[in-house]
């Protein structure tokens, strides 16, 4: 019998929660725009440190991440953050990174 995975700690758990919330929002869209929407959101609103931390979590197995969150992060990692919005818009989505005031807040 294997042991239960250890709970995520502090900041990493917050980032997992945040990216999962973003993924839940984009799950209502077609698959490719959803994946690219997650990538675009993280590229536009997360600091490089936050991205580094979530990528380290993915590299460690990505516990508790929703499938769309994992795919969005993989998409972001595969291309520079500034290119994420272009891919999203080419797939028919709307980039929050290029539309001022389009995100909550």
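Checking the stated criteria, residue 72 turns out to be in a helix (DSSP H, G or I) and modelled with pLDDT of 95 or more.
Considering (1) surrounded by fewer than 17 Cβ atoms within 10 Å (Cβ to Cβ); (2) assigned to a helix (DSSP H, G or I); (3) modelled with pLDDT of 90 or more; (4) out of contact with any helix residue (DSSP H, G or I) (no Cβ under 7 Å at 6 or more places or on another chain), say which one residue 86 fails and leave the rest. For residue 86, the failing item is (3).
The values are calculated or read from the model by the stated rules, or taken from the named source; none is laboratory data. As the structure is a prediction and not an experimental result, all values here were calculated from the model. Here the Cβ is made from the backbone with ideal geometry for all residues, glycine too, and neighbour counts use every protein chain on show.
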